[in-house]
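One structure is given below, represented as structure tokens, and several questions about it will come after.
The values are calculated or read from the model by the stated rules, or taken from the named source; none is laboratory data. This is a predicted model, so every value here is computed, not measured. Note that each Cβ is placed from the backbone with ideal geometry, even for glycine, and that neighbours are counted across all protein chains shown.
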Amino acid sequence: MRKSSSGAGLRWHFGLPARPRLKPRLQAQACSTLLLAMIAAGCRQDMHDQPRYKPLAASEFFPDGRSARPIPAGTVAIDELQNTDPFYTGYTGNDPANFMDTIPTPITAELLQRGQERFDIFCSPCHDRLGTGHGMIERRGFKIPADLDSDRIRQAPPGYVFQVISNGYGAMPDHRDQIPAADRWAIVAYIRALQLSRSATVADVPAQNRSQLGVQ
Amino acid sequence: MPQFFSRNANSVARLSLLGIVGAVGALACYGYWIQGSHYETRQGEPREQPVPFSHDHHVGGLGLDCRYCHTTVETSSFANIPATKICMNCHSQMWTVAAELEPVRQSYRTGKSIQWTRVHDLPDFVYFDHSVHVRKGIGCSTCHGRVDRMPLTWQAESLRMKWCLDCHRDPAQFVRPRDQVFNMAYTPPSDQLALGKQLVSEYRIISRTSCSTCHR
């Protein structure tokens, strides 16, 4: 039986005439050309840079150079359907003067902690962590923001505070794109807690927690 | 017939064979070294940007939280490059005539995107997700370094697969408490491995080293 490793095995099996072998020198040339071609192909970045867009990547196809497409005129986005929902507007009856006087989520310790975290991220740069209005951005020259413990804001309904976070007020820009509605309500709840803390006395702290204050 | 070759020609021939093998080996080592070098990975190389944005100033100096601008890092694979609007939250009032900020104002006026230079560019065959890493207690600075000390942003780590796997094989070395994820100045405690092991079980972290975890 003929060994198939002799090179002509397969052709022999199918009754084909043996193909003349390449001369050794030609063989070496063919091998080195193939090797070079493979090395050169390795330098290409086709797999690294595939013809797909990563988020916010630049595009050569669209005239504005963006792969993230702006919403076409006349489109009603899903969250615009919430325009009349008090949870997203802060006022009831679709009346911008009729602010909600309650926070539309149950007030829990988790909500307040979430509110504290989000307040520190998004509000404290200007309002500072206590809400006095002397945050770092204000100290660098931004218009002095309202003291969140002022009478005006203490007496304002929660829906009003929510609406200000959403749409801005005076020099304060809107934050609806940065903070989802549920987090805005958490911030409103935390601002209420801050207001409480600013006028609180040691007597307001439960006896078993007083030692944590470092005062007698 | 005179002798062409001296008596030690055989040794020279053998030595040069050895030399060729050595040279090929050395070339391979050199290639491997080049691949992992900062020259190839661009590790530690500050990138030029259309606006010389300084994390050193905004995070280190002003104390802004990462999430003020990178709003989607907790909920999406992509950490979000802030819209020009977020820059203008403060810069509508501050440094309003600074020449360095003209591209920002121009972008705000015209609605055209600022073309930032990407600093961390993973190959397109890697599907990285920020949200799960943040959720499982991997701090920003673990991969991005002390961004709060970078005047221009650079890539702090190599981003090679080996580097990813170093953590994926043994996450306990790097995982930190969730509330410390965004703390740039966090330093691991001396008993990191003990804490890490505890957090790995608490956060139910699974060491994922299957190819399809990152490559699809």
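Scanning the stretch A:101-134 for residues that are outside any helix (DSSP H, G or I) and hydrophobic (A, V, I, L, M, F, W, C), which turns out nearest to the other protein chains (Cβ to nearest Cβ)?
Among them, the one singled out is A:Leu130.
On to the next question. Looking at the stretch B:159-173, can you tell me whether even one residue there is of a type in the set (Gly, Ala, Ser), farther than 28 Å from B:Gly60 by Cβ and over 19 Å from the mean Cα position of the chain (by Cα)?
Checked the stretch B:159-173: at least one residue is of a type in the set (Gly, Ala, Ser), farther than 28 Å from B:Gly60 by Cβ and over 19 Å from the mean Cα position of the chain (by Cα).
Something else about it: Determine which member of the set B:Ser107, B:Ser11, B:Ser113 is at the interface with another protein chain (Cβ under 10 Å from one of its Cβ atoms) and either of a type outside the set (Asp, Glu) or loosely packed, with under 14 Cβ neighbours inside 10 Å (or both).
B:Ser113
For the stretch A:143-164, give me each residue that is touching a helix residue (DSSP H, G or I) at 6+ places or on another chain (Cβ under 6 Å) and over 15 Å from A:Val188 (Cβ atoms).
A:Ile144, A:Pro145
Residues of the stretch B:90-104 being surrounded by 14 or more Cβ atoms within 10 Å (Cβ to Cβ) and either more than 22 Å from A:Glu138 (Cβ to Cβ) or within 30 Å of the chain's Cα centre (by Cα) (or both), which ones?
Across the stretch B:90-104, the qualifying residues are B:Cys90, B:His91, B:Leu101, B:Pro103, B:Val104.
How many residues does the stretch A:92-147 hold that are of a type in the set (Ser, Thr, Tyr) and in contact with a Leu (Cβ under 7 Å, 6 or more places away or on another chain)?
1
Looking only at the stretch A:47-66, count how many residues are farther than 24 Å from A:Ile179 by Cα and in contact (Cβ under 8 Å) with a residue 12 or more places away in the chain.
1
Also: Does B:Val51 fit the bill of being at pLDDT 95 or above and farther than 30 Å from B:Gln198 by Cβ?
Answer is yes for this residue.
If A:Gln178 satisfies all but one of (1) more than 14 Å from chain B (Cβ to nearest Cβ); (2) out of contact with any Asp or Glu (no Cβ under 7 Å at 6 or more places or on another chain); (3) surrounded by 20 or more Cβ atoms within 10 Å (Cβ to Cβ); (4) not hydroxyl-bearing (Ser, Thr, Tyr), what's the number of the condition it fails?
Of everything listed in (1) more than 14 Å from chain B (Cβ to nearest Cβ); (2) out of contact with any Asp or Glu (no Cβ under 7 Å at 6 or more places or on another chain); (3) surrounded by 20 or more Cβ atoms within 10 Å (Cβ to Cβ); (4) not hydroxyl-bearing (Ser, Thr, Tyr), A:Gln178 misses just condition (1).
B:Glu102 fails exactly one of the following numbered conditions: (1) in a helix (DSSP H, G or I); (2) closer than 24 Å to B:Met184 by Cβ. What is the number of that condition?
Answer for B:Glu102: the failing condition is (2).
Is it the case that some residue within the stretch A:135-150 is assigned to a helix (DSSP H, G or I) and more than 14 Å from chain B (Cβ to nearest Cβ)?
No: zero hits.
Quick one: count up the residues across the stretch A:76-119 that are crowded, with 16+ Cβ neighbours inside 10 Å and without any contact (Cβ under 8 Å) to a residue 24 or more places away in the chain.
Adding up the residues that qualify gives 1.
Can you pull out the residues in the stretch B:58-104 that are acidic (Asp, Glu) and within 11 Å of another protein chain (Cβ to nearest Cβ)?
B:Asp65, B:Glu74
Out of B:Val97, B:Val104, I need the residue that is at pLDDT 95 or above and β-branched (Val, Ile, Thr). Which one?
B:Val104
Going by the structure shown, is A:Ile144 in contact with an Asp or Glu (Cβ under 6 Å, 6 or more places away or on another chain), free of Cβ contacts under 8 Å to residues at least 24 places away in the same chain and over 26 Å from A:Pro180 (Cβ atoms)?
Against the criterion (in contact with an Asp or Glu (Cβ under 6 Å, 6 or more places away or on another chain), free of Cβ contacts under 8 Å to residues at least 24 places away in the same chain and over 26 Å from A:Pro180 (Cβ atoms)), A:Ile144 qualifies.
Hey, can you tell me all the residues within the stretch B:133-184 that are among the polar types (S, T, N, Q), at pLDDT 95 or above and assigned to a loop (DSSP other than H, G, I, E, B)?
Within the stretch B:133-184, B:Thr153, B:Asn183 qualify.
Based on what the data block shows, is B:Asp124 among the acidic types (Asp, Glu), at pLDDT 95 or above and more than 10 Å from the chain's Cα centre (by Cα)?
Criteria not met by B:Asp124.
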